[in-house]
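What follows is one structure encoded as structure tokens, with my remarks underneath.
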Amino acid sequence: MTTAAEVPGGPVPELRLTAARQNPVRLVLSGTPWRAAGYLAVYVFVTGWVLFAVAFTAAVTALAFAVTIAGIPLMTAAAEAMRGCANVERMRLSHVLTGPVHGRYRPVTGGLIAQAAARWRDPATWRDFACLVGLWVPLFALDTVVLTVWLALLGMITVPLWYWAPSGTGAHGYSGNGPMVHGMALGYFPHGPYGHGAVGVFIGTLPSALVAAAVCLVLFLLFNYVLVATARAHAVVTRALLSPPADPLAHAREVLDQPGPLGEMRATASIAAARAGRAVLYGEFPEH
């Protein structure tokens, strides 16, 4: 059984997420923050922990049975499962890049042992593992914190519509048996929203809700830069690990393949080399 190597589709695609040279209002209207939020949200709530669980479980199971005969097909299956998880991340990357990202794996030939060994000796398999398992904790933590703050600021913009809904007695849900109080408490209020020792902001009137919404709107517009930068960093790291290594001679090969003097020289050299080889093989030397 032979698995063909995936061929990279040209140059590495660039990021579509950019906040440079855009004021806060143009940035939020451009759709870039919403694309960045969607990219981070899918990772935090769905793909991040699911792909981590699949890749980690597959790798640990294969390692546990590696000393037995059953471990040979399990190692092959684990590498294939990891490749499938990496392809999911590559598909997600296509939504924030200018083009798709393709993996490049070494061809696999031979029997079961040779196939398992070839897959786990392939650097691409270990890059998949690093992306899916090794970086899951820092990426998940960073994305969760940034996305939580962004969503909180976005929700606080609408606080004038619902500030009156939260209610509590006494210390507004902390302690005490005072009268029912309506409003939103942001901070620590041991003796009620208007009692001694209060630390924070209590939104209990429409004017205070409008002020809070205005402040959160400004913070939200500014925090979009942090959100986009986080999504860019996540995408850059993922692209670097899941893309084939850059070929340092790619530009030179592209120049040689183009029509022109270099291309003609290459063709002439190829013809001369072919004639020289034929002369050596068949003794066809030119007469002088």
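The values are calculated or read from the model by the stated rules, or taken from the named source; none is laboratory data. Since the structure is predicted, the reported quantities are computational estimates derived from the model, not experimental observations. In this analysis, Cβ positions are derived from the backbone assuming ideal geometry, glycine residues included, and neighbour counts consider all displayed protein chains.
If you check VAL96, VAL88 for being crowded, with 20+ Cβ neighbours inside 10 Å and closer than 30 Å to VAL228 by Cβ, only one passes: VAL96. Among the residues of region 123-171, the one identified as at pLDDT below 95, polar (S, T, N, Q) and part of a helix (DSSP H, G or I) is THR125. Across region 1-28, what is the number of residues that are exposed (fewer than 11 other Cβ atoms within 10 Å of the Cβ) and at pLDDT 85 or above? So the answer is 2.
Determine which member of the set THR68, THR57, THR61 is loosely packed, with under 15 Cβ neighbours inside 10 Å and either within 19 Å of GLY134 (Cα to Cα) or in contact with a strand residue (DSSP E or B) (Cβ under 9 Å, 6 or more places away or on another chain) (or both). Going through THR68, THR57, THR61 in turn, the sole match is THR57. Which of the residues belonging to region 137-166 are surrounded by fewer than 19 Cβ atoms within 10 Å (Cβ to Cβ) and either in contact with a Lys or Arg (Cβ under 8 Å, 6 or more places away or on another chain) or of a type in the set (Phe, Trp, Tyr) (or both)? Hits for region 137-166 are PHE140, TRP162, TRP164. Count of region 241-255 residues, restricted to those that are assigned to a helix (DSSP H, G or I) and either surrounded by 14 or more Cβ atoms within 10 Å (Cβ to Cβ) or modelled with pLDDT of 95 or more (or both), is 2. Here is the figure for region 101-122: residues that are surrounded by fewer than 13 Cβ atoms within 10 Å (Cβ to Cβ) and either in a loop (DSSP other than H, G, I, E, B) or on the phi > 0 side of the Ramachandran plot (or both) total 4. Hey, could you check region 186-220 for residues that are surrounded by 17 or more Cβ atoms within 10 Å (Cβ to Cβ) and aliphatic (A, V, I, L, M) and say which is nearest to THR18 (Cα to Cα)? If we take residues in region 186-220 being surrounded by 17 or more Cβ atoms within 10 Å (Cβ to Cβ) and aliphatic (A, V, I, L, M), then ALA213 is nearest to THR18 (Cα to Cα).
Within region 30-41, being at pLDDT below 90 and in a helix (DSSP H, G or I) holds for one residue alone: SER30. Listed by first and then second residue, the pairs with beta-carbon distance under 8 Å, at least 6 apart or on different chains, first residue in region 15-33 and more than 20 Å from LEU151 (Cα to Cα), second not in a helix (DSSP H, G or I), are LEU15/VAL96; LEU15/LEU97; LEU15/THR98; ARG16/VAL96; ARG16/LEU97; ARG16/THR98.
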